[in-house]
Amino acid sequence: MKKLLLVVTNIDRYASGLPTGLWLSELTHIYHKAKEKKWDITIGSPKGGHVPIDPESLKPLVLDKISKNYYEDPIFRDELNHSKDLYEVTNEPFDCIYLAGGHATMYDFPDNENIQEIIRQQYENSKLVAAICHGVGGLLNVRLSNGEYMIKGKSITGFDWFEETIARRKREVPFNLEAAIKNRGANLRKAFIPMTSNVVVDKNLVTGQNPFSSKEIAKVLVEQLEKI
């Protein structure tokens, strides 16, 4: 049985006070696939406890059937209200560590030392590391044992600056994720058409560009895990 750690945010507001949180589909699709396989799932967050959901991710145009079903499932919602503190799972072995997105992650993922240590260990042990959308920000400051940034020279993707324009969040976000990824020396690979599915695999590092990549990255991760 595979063990997955799904990492989510605890932040519910931008600095301006505008509501934000986890982008629901970026958690539900990988969660659903793992549940189908009867794999072991741990939902963790920087502080543990309550995980807020971005209200934008609950709007009819983006709330797909799988996400809607989980949103209405009291057992799943209770699990989100009792996420594990990452400190508790720092030394636990996982087959895959996945950073779910949502703009909120830009505040509590990049500088979190537990995320950095968990990801470093996972990556250096040649186990799967995955991130989607703004969750990719959690990879920015991960350094390997040799001191190099983990994503330096790697092909990855993430929510780009033009997509921030479409989302009307350029004035809300604390930094430019696209610029930050490039600044770390990574090879940013973007979808030809913004806001369409794009998943990039570079050995044991798997990244998805935006919420519309949720279904594809879940499928890719299952395929990767079943090879092991």
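Numerical summary
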item	result
Test for residue 223: is it more than 14 Å from the chain's Cα centre (by Cα), surrounded by fewer than 21 Cβ atoms within 10 Å (Cβ to Cβ), farther than 24 Å from residue 164 by Cα and without any contact (Cβ under 8 Å) to a residue 60 or more places away in the chain	yes
Wholly enclosed helices (runs of 4 or more DSSP H) of region 19-90 bearing at least 1 residues within 20 Å of residue 108 (Cβ to Cβ) and hydrophobic (A, V, I, L, M, F, W, C)	25-36, 74-81
Test: residue in region 62-74 that is more than 27 Å from residue 223 (Cβ to Cβ), surrounded by fewer than 16 Cβ atoms within 10 Å (Cβ to Cβ) and in contact with a helix residue (DSSP H, G or I) (Cβ under 9 Å, 6 or more places away or on another chain)	no
For residue 9: the one exception among (1) more than 19 Å from residue 96 (Cβ to Cβ); (2) touching a residue at least 12 places away in the same chain (Cβ under 8 Å); (3) not aromatic (Phe, Trp, Tyr)	(1)
Matching residues in region 191-204 - criterion: being touching a Lys or Arg at 6+ places or on another chain (Cβ under 6 Å) and of a type in the set (A, V, I, L, M, F, W, C)	200
Check on residue 118, free of Cβ contacts under 8 Å to residues at least 24 places away in the same chain and β-branched (Val, Ile, Thr)	no
Residue count, region 169-219 (criterion: surrounded by fewer than 18 Cβ atoms within 10 Å (Cβ to Cβ) and β-branched (Val, Ile, Thr))	3
Those residues of region 99-118 which are closer than 18 Å to residue 205 by Cβ and either surrounded by fewer than 22 Cβ atoms within 10 Å (Cβ to Cβ) or of a type outside the set (A, V, I, L, M) (or both), in sequence order	101, 105, 109, 110, 116, 117
Those residues of region 128-166 which are surrounded by fewer than 17 Cβ atoms within 10 Å (Cβ to Cβ) and in contact (Cβ under 8 Å) with a residue 24 or more places away in the chain, in sequence order	143, 144, 145, 152, 153, 155, 162, 166
Pairs where the first residue, in region 71-82, is closer than 14 Å to residue 32 by Cα and hydroxyl-bearing (Ser, Thr, Tyr) and the second is in a helix (DSSP H, G or I) and modelled with pLDDT of 95 or more, C-beta under 9 Å, 6+ apart	71/28; 71/58; 71/77
Filter result for residue 52 (crowded, with 17+ Cβ neighbours inside 10 Å, within 29 Å of residue 172 (Cβ to Cβ) and in contact (Cβ under 8 Å) with a residue 60 or more places away in the chain)	no
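The values are calculated or read from the model by the stated rules, or taken from the named source; none is laboratory data. Predicted model only: the values in this text are computed from it and were never measured. Glycine also receives a Cβ, built like all others from the backbone with ideal geometry; neighbour counts cover every protein chain displayed.
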